[in-house]
1. Name, by its number, the condition in (1) facing chain A (nearest Cβ under 8 Å); (2) modelled with pLDDT of 90 or more that does not hold for B:LEU376.
2. Just one of (1) among the aliphatic types (A, V, I, L, M); (2) more than 19 Å from B:ILE175 (Cβ to Cβ); (3) surrounded by fewer than 16 Cβ atoms within 10 Å (Cβ to Cβ) trips up B:ALA325, so point out which.
3. Can you name the residue in the stretch B:443-468 that is more than 27 Å from B:ARG386 (Cα to Cα) and in a helix (DSSP H, G or I) and, of all such residues, is nearest to the chain's Cα centre (by Cα)?
4. Can you go through B:ASN391, B:ASN402 and tell me which one is on the phi < 0 side of the Ramachandran plot and touching a Leu at 6+ places or on another chain (Cβ under 8 Å)?
5. Look at B:ALA342 and say whether it is assigned to a helix (DSSP H, G or I) and more than 18 Å from B:ILE382 (Cα to Cα).
6. Mind listing just one residue for me: the one in the stretch B:353-372 that is surrounded by 20 or more Cβ atoms within 10 Å (Cβ to Cβ) and not polar (S, T, N, Q) and, of those, farthest from the other protein chains (Cβ to nearest Cβ)?
7. Does A:VAL84 satisfy the criteria of being modelled with pLDDT of 90 or more and either closer than 30 Å to B:LEU368 by Cα or not in a loop (DSSP other than H, G, I, E, B) (or both)?
8. Return the residues of the stretch B:260-306 that are closer than 20 Å to B:ARG226 by Cα, in contact with a Phe, Trp or Tyr (Cβ under 6 Å, 6 or more places away or on another chain) and in contact (Cβ under 8 Å) with a residue 40 or more places away in the chain; say none if nothing qualifies.
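The values are calculated or read from the model by the stated rules, or taken from the named source; none is laboratory data. Just so it is clear, the model here is predicted, and its values are computed rather than measured. Quick reminder, even Gly has a Cβ in these numbers, built from the backbone with ideal geometry, and neighbours come from all protein chains shown.
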Amino acid sequence: MQPLVYIVDDDAATLRAMTRLLSAYGYQVSAFDSPLEFLRHHDPDVPGCVVADVVMPGLNGLELLGAVKSRGHARPFVFVTGEVDFPSAARALHVDAVAILAKPVEESRLRAAIDLAIEQDLRSRSTRRIVGQRS
Amino acid sequence: MERIAEGLAEEPLVMPDARRVVALALFVCVAYYLGARLGFALTFQPNPISTLWPPNAILLAALLLAPPRQWVVLILAALPAHIASQLQSHVPVSMVLEWFASNCSEALIGALLVRRLLGDELRFDSLHHTLVFIACVGLVAPFVSSFLDAALVVMNGWGGANYWDLWTQRISSNIVSELAIVPVIATWLGSAGAGRRPSRPAPAEWALLVACLVLVDYVAFGLQDRSSGTSALLRYLPVPFLLWAAMRFGPRGASTAFLSVVLAAIWGALHDKGPFLSEDAAATARSLQLFLTVMAMAVLLLAAAIAEREHARRELTHLTRVVLAGELVGAIAHELKQPLGAILSNAQAAQRMLSRGDLTRQELADSLEDIVDQDLRAVEVIRALRALIANGEPERAPVDMNAVVGDVVELMRGELRTRAIRVETRLQSGLPFITGDRVQLVQVVLNILTNACEQMAQSAPADRTIAISSSATSTTVALRFEDRGRGFPPDHAEKLFEAFYSSKKSGLGLGLWICRAIIAAHGGRIRAESPGKGAVFHIELPTARNA
């Protein structure tokens, strides 16, 4: 199964642009303009990662990560944020994210983060499978 | 080529200056001549000294408007006008030239003193400048030059009066002339009048003021004569109208209105009419000049004080606006990253597809469209921020209040996002325009919305909503802003708008006070209520047709 990149951003233009960019690089993309909409459609069985904005109405990026975790799903997150001081604040809070990138985000750094996240997801899935087979 | 370019570059720097001095010299020549004719017409015969002598004031005003290196040109321009006017009145030639010298000495003393004390620019919208003007031009210059003038008249045996009588007549006439005429010329021809004005009255108000002044001048100075008996009190009739001119029309309007009173009063007295008539011509002239001198000082100082106060208020309005913008700058910088990020991603997506050779025309067109839109979005945010920070002259232009609300919401998008506040707008489409200054109205809406954000900092996420609606009647446009924040005690509905009232620890408490002043200046009303939960602000503004 090909890994899927979920993009969650409430800004329509940003969402379209990211979708175009990642599609151009051959990623399978699923885009959502609201975190709640994403939670409704999130399929934990599909491998891949989430690229999410931090500041969003309704549910912010960190709350979204919490919501995914609380449902018992392990899904790596890449945060993209316009807040200048968010990355350091997030590090201090030990936010469980693969990467925290500042907007406007450069394509090569975004791809590196996504590739890392997908790799992490695939590895954890295979470990889980091995653990599952043993028990 | 280089030399040609240099010549072209120099031309605009030199020419306006030269053109200006030529224009000013022409003005001096013509106005000096006409002023002299008027001065002769306003002379109580057989006195050699006019009740009002405009030429000196005209020359002095011109010197104040030009740099000293051009003064000789202006003085030479006045000479032919002087000779032409005086010879017509059968003044001996030696007297004509000596009088010119004494007139020039007055203009030079006044202009030199003002320049020494105030520098390049004399501003009648500054109390300090106006005081210096009254002292130097109004008092010292006529005082000093009158010694010379009276001596010359006595030496020539012209008119046959004694030295001190001449001196007294000359100084009282010239004080009135300087105080009444120089401010009019300086404010109309110089930059001093165009600057700070208390308000911008509509043409109808101008017309009304002119009509009232004509009527009042006539009633006060042209109606009574000796046979009907005269009341000295009638001389105060123009005072309320001069106050009106000073309050609403600034130093330029006030000094012009005052000049009309001066001319009417002297003309009336010369024709044996008005409230100044005394036993003889000299006594009439004295009473007239004393009254006009005192009035001139009062009107000039009042106009300056009002202009200064208005200027201070305008500076304060700008200052509070900059503070408001400063609070938003972080959020706005954040907001700009959205369009910049979208532009970057779109461009890099297109680059990637191009290099892979699978870029379709449609994809390219879509990307470009988004790039353009996002660029314009960023430009719009920067434009709104710049407008907010700029300290421009307030405008009177048609304003769409829906667009003002849109501007503010755009400016605050970042702030609203970080605070997770929703804005629900119900704006009536086709809202009539109002007349006013768009930037100041943006300031009002911005102030109300940032207050609402502060008030909702502790609110539950579901309650973080601001509802904005607009509506119109046939004569007014109404805006309503409702938040679900902490609200305020019912008896504070008026206190909110007082200066230094603040619910924040850091705030100055000037925001809503300025808002009320801005809305009042637009002929509208602003009020607040706190119906249990949160606060509601109402703004009503007259539509452009009813302003």
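1. For B:LEU376, the failing item is (1).
2. Result: B:ALA325 fails condition (3) only.
3. Restricting attention to the stretch B:443-468, the residues satisfying the condition of being more than 27 Å from B:ARG386 (Cα to Cα) are B:456-465.
Subsequent filtering for residues that are in a helix (DSSP H, G or I) retains B:461-463.
Values: B:PRO461: 48, B:ALA462: 48, B:ASP463: 46 Å.
That would be B:ASP463.
4. Details: B:ASN391 fails: touching a Leu at 6+ places or on another chain (Cβ under 8 Å).
Result of the check over B:ASN391, B:ASN402: B:ASN402.
5. Numbers: assigned to a helix (DSSP H, G or I): yes; more than 18 Å from B:ILE382 (Cα to Cα): no.
So B:ALA342 fails the test.
6. As a first pass, look at the stretch B:353-372 and keep what is surrounded by 20 or more Cβ atoms within 10 Å (Cβ to Cβ): B:353, B:367, B:370-371.
Now drop any that are not not polar (S, T, N, Q), which leaves B:353, B:370-371.
Working: B:MET353: 5, B:ASP370: 6, B:ILE371: 9 Å.
If we take residues in the stretch B:353-372 being surrounded by 20 or more Cβ atoms within 10 Å (Cβ to Cβ) and not polar (S, T, N, Q), then B:ILE371 is farthest from the other protein chains (Cβ to nearest Cβ).
7. On the way: modelled with pLDDT of 90 or more: no; either closer than 30 Å to B:LEU368 by Cα or not in a loop (DSSP other than H, G, I, E, B) (or both): yes.
The answer is no for A:VAL84.
8. Within the stretch B:260-306, B:ALA264, B:ALA265, B:GLY268, B:ALA269, B:GLY274, B:ALA281, B:THR284, B:ALA285, B:LEU288 qualify.
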